[in-house]
Amino acid sequence: MTAGEGDRVHVQCEESEFEGIVMPSADDSLVLKLESGYNVGFDPGDVEVETLEEDVGGEGEPPVVEREQDSDLPDVSLISTGGTIASTVDYRTGAVTAQFTADDVLQAVPELGEQANYRGRVVTNILSENMTPGHWQEIARAVYEEIEEGADGVVVMHGTDTMAYTASGLAFMLDTPVPVVFVGSQRSADRPSSDNVVNAVCAVEAAKSDVAEVMICMHRSRNDDECSLHRATRARKNHTSRRDAFETVGAEPLGRVDYESREVSVKGSHVERGEQELSVDDDLIPAVQHVKFTPGKDVDIVDSSAEGLVLEGTGLGHVNSDWIETVAEFEGPVVMTSQCLEGRVCDRVYDVGRDLLEAGVVEAEDTLPETAYVKLMWALANCDDPEAAMGRDVAGEITESSRPWT
Amino acid sequence: MDYSDLGLMVGLEIHQQLDTATKLFCNCPTELREEEDSSHEFQRYLHPTYSELGEVDQAALEESRADRLFTYLGYDSTCLVEEDEEPPQPVDREALQTALTVAEALDMSRVDEAHVMRKIVIDGSNTTGFQRTAMVAYDGRLDTSDGPVRVDALALEEESARRVGERDAGPVFSLDRLGIPLVEIGTAPDIRSPEQAQEAAEKLGTVLRSTGKVKRGLGTIRQDLNVSIEDGARVEMKGVQDLAGISDLVENEVERQRKLLEIRSELQSRDAEVGGVHDVTEVFEDTESGVISGALSDGGAVYAVHLRGFDGVVGREIQPDRRLGTEFSDRAQKRGAGGVFHTDELPAYGVTEDEVEALRSAVDAAAEDAVCIVADTPDVAESAIEAVGERAEEALEGVPEETRDAHEDGTSSYLRPLPGAARMYPETDVYPVDLHDFDVQEPTMLDERADRYAEEHGLDEDLARQVAFGEQMPVYEEAVDRGVDPGLAATTLEGTLVELRRDDVDTSAISDNDLLETFDLVLEDEVAKEAVPEILRKAADGATPQEAVEEADLGSAAREAVGGVVEDVLDDKEEMVEEQGMEAFSALMGVVMGEMRGKADGELVSDVLREKLQERM
């Protein structure tokens, strides 16, 4: 007979006998969780299985955290979009699944309870690699509504892979009078060492601060001591797995939050709380192509039907001179960024650069390639002169002058 | 003592580090480092989480009560996997192969597919907050002179980080040890006497060493014991490093459980019960007791728990120099308090007769009652005295199930509640491993090896046995494989090293590689075998064998000295050389060896003599 997942079964394997609960299996084997807690896999052909009790898994639910509203505390809106920050292990299957409501998050990170009153909102439930510009718009509208309804700050929980794109999108779409803080985790919340606690606690502090910008709040180093606040449009995920994967490119981070003291310190100029009126320009034209030039790449990769093109050139902003004709013929704006990431594009130095300028390429100064890609979608939909907008700072993506900081 | 009458049941759990090239889940070497060579450090917290069954493990929860910041030391021989900054690599095949070899030797069955689990451990000894472990075999047996002991399970797991110190914020761990493969073997509770426990542990150690793939030296093998007697409870004793101490530990634990059962009967006949917790700070406002006044001057408080019918029982000895009150104290210490005072031991420690009377009347205690107190900050004192109350409740029930820390003197102290199945959940970052592909031979047991060394290598029987059962067996095997003379290898490993140790040379600093390189030098006639002790002496000081030879000029000195003597002998016996040519070799050899008075290696002499003789032909 066949036993289903979650059933308690008796298994006879030659001379040996086992009792346990059937767990999900990625292949054909019968996976049993034994009394000792160990899972083991058996070849189904070698064993006799007898079901003792059906579907016994998942009895003990974690306790629900009771919360009281405290009128002295600020109201922070927790927006969930997916990712591992509030994930837990599925009681029955053992798989890691994301949990989203404010209650779920408070259960995963009980420390948050004393920092603020929370309103939870679930916008979507996807891994960040599956985000599209349509999701950015949904999130922007949700943030707008939360602020309109009186949130003193907004925390957006998001997968880390494309967090910088979404955060940049919001930075362009929203004018916000309160902090909007993106937060994620690099180690899933089901493990005791997860960075979710430190990151979430610091993100809530940032959301209570006076910095009314769209920011990313993640570990500053491998230590559990503080988080960095990165300006959304200058942030980048620069490591696949480390806790301090996010970096502000070409400048020091906007600020930092100390986990122990809960103190937020900000360096340099920023938009103050209440300085801007709340507004949202959430139109986007997603038909923008981002092409990274590499030696030998065929220019046919350029999609002439796109409405805008962001080139990620070499060095100061170059592509093979064979590409110039195609660039000149492209109908929409062609924006030049550099795959060096650090530094400013300058196409006046070498011939190929001068030819590119002549062909109509717009220099995006020191805008990051990914940020330029998001910005062009926004500029095409919202600016009278998108080309001019690409060379001008809109949301902190362009620094006025290249001041060395290290 | 008749242990079968007492219903003694003992199970063993052996943890043995494996000597593999790389760690279990990354490509770092399995070598220990000096802390001062650490290249960086970092700090982390750990937070309890829910298991896949929606439960929090009690043992894990208790460890997390104190919010501690853990410091980790990293090295140029550790990587992001140990730092919990990168997902683990697939399970190391060499470690699996070794674990399955052990399983074969214990006549165990292999699981078809090994699943790596995360066992929650949040005392900081794992950066992840869990230990990765996989069960690979089950249902074997081990024969002892008192009958067979079933071997329930064999797991392959990662070693924890080494605890190297304590700072104000919390403990310091070294990442060098984290991730070294560890075999865990658990027996059924089939052992019936302290002596059988020790024999079983020794046998398991022998089986493990027969693979030639286990780490040697202090701390590389650890035993846990599960002990219970009839009406008692399963008590797990952790971290026994000395095999010889096993029977003492079992005896002391049996004694402890018997005494706790006697105490239970006595308490029940007295209708004893645990009363309330009281703030008795007022009683001690003007106390002369240094401990109490110290706590009170810092704004502390004294809390008391009233134990009805406990008079005289709290002070009763249940293990050598450990009383029921000591068990109360263990629990209080887990909550951060320094310890406990109780009325069975008072007046003492500066607490006066009058204060004891005042204490008794403050909690309304009768003469047959006992009172325990803790002085500390109000929070700690209250939490600690509650823990004492909980332990006193358990005394009414008998023996509490728990994990205890094994002490070198054979006693033990409370560590934490027994871990449950709730602490295990799947390690989703590592694929399950199909174990069908492993071709495993049963290892050659150590006594078979001893026979082989005697028969095939010509060692005398005692030496053969010493080598086979000794720590250096794998080095011996490797040396002989390389062509080193078995006699030289054996006397060096079982004789020279012992003599050096007696001379206070730190032989633990001599690596296997140093030994093998030294043998190679002899094999290649770079040095005489007489130079071996001197080379090893220098290797213990940190020199490589090659450096040692150069430093002491051992190689050329030996050859030159022999050369000089050979020249003299050839000059002396010129006639003989002319007449007999190479035929004179054997006779000349005897003369030269006589001149050298046995100080030179025969092979070197014969080599030099042959060379010089040929020159003169």
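Let me know the whole percent of all Cα-Cα pairs from chain B that are separated by more than 41 Å.
43
Where does the charge balance sit around residue A:383 when Lys and Arg score +1, Asp and Glu -1, over other residues with C-beta under 11 Å from its C-beta?
Net local charge, residue A:383 excluded: -3.
For segment B:82-168, what does the equivalent ellipsoid look like in terms of its semi-axes, each the square root of 5 times an eigenvalue of the Cα gyration tensor, given largest first in whole Å?
Ellipsoid half-lengths, sorted descending, are 30, 17, 11 Å.
Please list the three semi-axes, largest first and in whole Å, of the ellipsoid equivalent to chain A, using sqrt of 5 times the eigenvalues of its alpha carbon gyration tensor.
Its equivalent ellipsoid spans semi-axes of 45, 29, 18 Å.
Using the Cα gyration tensor of segment A:111-200, with a ≥ b ≥ c the square roots of its eigenvalues, what is the shape: rounded (a/c below 1.5), prolate (a/b larger than b/c) or oblate (neither)?
oblate
Given the C-alpha centroids of segment A:108-124 and segment A:352-406, what is the distance between them in whole angstrom?
When both Cα centres are located, 37 Å separates them.
Go ahead and run the numbers for FRET between residue A:46 and residue B:508, Cβ-Cβ distance against an R0 of 51 Å, rounding to 0.05.
Using R0 = 51 Å, I get an efficiency of 0.60.
So what J values fall out for segment A:374-379 if you push phi through Karplus, 6.51 cos²θ - 1.76 cosθ + 1.60 with θ = phi - 60°, rounded to Hz, Gly and Pro as x?
5, 5, 5, 4, 6, 5
Return the single residue from A:294, A:84, A:160 with maximal mean-square fluctuation; model: Gaussian network over chain A, springs between Cα atoms under 10 Å.
A:294
Would you mind ranking B:216, A:403, B:33 by Cβ crowding within 10 Å, fewest neighbours first?
By the 10 Å Cβ count, ascending: A:403, B:216, B:33.
Please list, in order along segment B:178-183, the HN-Hα scalar couplings obtained from phi with the Karplus expression 6.51 cos²θ - 1.76 cosθ + 1.60 (θ = phi - 60°), rounded to whole Hz, x for Gly and Pro.
Residue by residue, segment B:178-183 yields 4, x, 5, x, 9, 9 Hz.
Kindly identify segment B:449-584 as rounded, prolate or oblate by the Cα gyration tensor criterion: order the square roots of the eigenvalues as a ≥ b ≥ c, call it rounded if a/c is under 1.5, otherwise compare a/b with b/c, prolate if a/b is larger, else oblate.
oblate
Using +1 at the C-beta of Lys and Arg and -1 at the C-beta of Asp and Glu, which of B:366, B:576, B:496 has the Cα lying farthest in the positive direction of the dipole of chain B?
So the residue we want is B:366.
Over the C-alpha atoms of segment B:273-399, what are the Rg and the largest Cα-to-Cα span, Dmax, in Å?
13.1, 39
At 1.306 mPa s and 10 °C, plugging the Kirkwood radius over alpha-carbon pairs of segment B:3-242 into Stokes-Einstein gives what diffusion coefficient in µm²/s?
On the way: Rh = 18.9 Å.
Answer, rounded: 84 µm²/s.
Across segment A:150-163, in residue order, what do the Karplus-derived ³J(HN,Hα) couplings come to in whole Hz, using 6.51 cos²θ - 1.76 cosθ + 1.60 with θ = phi - 60° and x for Gly and Pro?
Computed from phi, the couplings for segment A:150-163 are x, 4, 7, x, 10, 10, 10, 8, 8, x, 7, 4, 10, 4 Hz.
Can you pull the Kirkwood radius for segment A:75-280, inverse mean 1/r over Cα pairs, to one decimal in Å? Present the calculation step by step, with values, prior to reporting the outcome.
Values: mean 1/r = 0.0611 Å⁻¹.
About 16.4 Å, per the Kirkwood formula over Cα pairs.
Which of B:47, B:407 has the fewest other C-beta atoms within 10 Å, and how do the rest follow up to the most? Mind dumping the intermediate values first?
Values: B:47 20, B:407 17.
Fewest-to-most ranking of B:47, B:407: B:407, B:47.
Rounded to the nearest Å, what's the spacing between the alpha carbon centres of segment B:586-617 and segment B:496-561? Just the number, please.
So the separation of the two Cα centres works out to 23 Å.
Out of all DSSP beta bridges in segment A:262-367, what portion is antiparallel? Express it as a percent rounded to 5.
5
Between the DSSP loop rule and a limit of at most 13 other Cβ atoms within 10 Å, which trypsin sites (Lys or Arg not before Pro) in segment B:105-198 are left?
Details: sites: B:110, B:118, B:119, B:132, B:141, B:150, B:162, B:163, B:167, B:177, B:192; in loops: B:167, B:177, B:192.
In loop regions of segment B:105-198 (DSSP not H, G, I, E or B), the sparsely surrounded trypsin sites (Lys or Arg not before Pro) are B:167.
Using the alpha carbon gyration tensor of segment A:288-390, what are the three equivalent-ellipsoid semi-axes (square root of 5 times each eigenvalue), largest first, in whole Å?
18, 15, 13
Could you sort out which of B:238/B:334; A:237/A:297; B:119/B:238; A:237/A:375; A:208/A:267; B:23/B:119 sit more than 21 Å apart by Cα distance in this structure?
Details: B:238/B:334 17 Å; A:237/A:297 25 Å; B:119/B:238 16 Å; A:237/A:375 18 Å; A:208/A:267 17 Å; B:23/B:119 18 Å.
Over 21 Å apart, Cα to Cα: A:237/A:297.
Relative contact order (percent) for chain B, with alpha-carbon contacts under 8 angstrom and 6 or more residues of separation?
Reported as a whole number, the value is 14 percent.
Can you give me the C-alpha center-to-center distance between segment A:224-269 and segment B:256-298, rounded to a whole angstrom?
52
Of all DSSP beta bridges located in the protein assembly as shown, what percent are antiparallel, nearest 5?
Numbers: 121 of 160 bridges.
Here the share of antiparallel DSSP bridges comes out near 75 percent.
What number, in nm² with one decimal, is the all-direction average of the projected area of the convex hull of the alpha-carbon atoms of segment B:340-436?
Taking a quarter of the hull surface, the average projection is 12.4 nm².
Give me P(r) over segment B:94-223, computed from all C-alpha to C-alpha distances, binned every 5 Å, as integer percentages.
Whole-percent P(r) values from 0 Å outward: 2, 10, 18, 20, 18, 15, 10, 5, 2, 1, 0.
How large is the convex hull of the Cα atoms of the protein assembly as shown per residue, expressed in Å³ as a whole number?
About 257 Å³ per residue, rounded to a whole number.
How many partner chain Cβ atoms sit within 10 Å of a residue's Cβ in peptide B:106-113, on average, as a whole number? Walk me through the intermediate numbers first.
Details: counts 0, 0, 1, 4, 0, 10, 11, 12.
Per residue, the average neighbour count from other chains is 5.
For segment B:98-198, run through the GluC sites (Glu not before Pro) and keep only the ones in DSSP coil with at most 12 other Cβ atoms within 10 Å of their Cβ.
none
Computed from the coordinates by the stated procedures, all read-outs in this text should not be read as laboratory data. Since the model is a prediction, treat every value here as computed from it, not as a measurement. Every residue, glycine among them, receives a Cβ derived from its backbone with ideal geometry; neighbour counts consider all protein chains shown.
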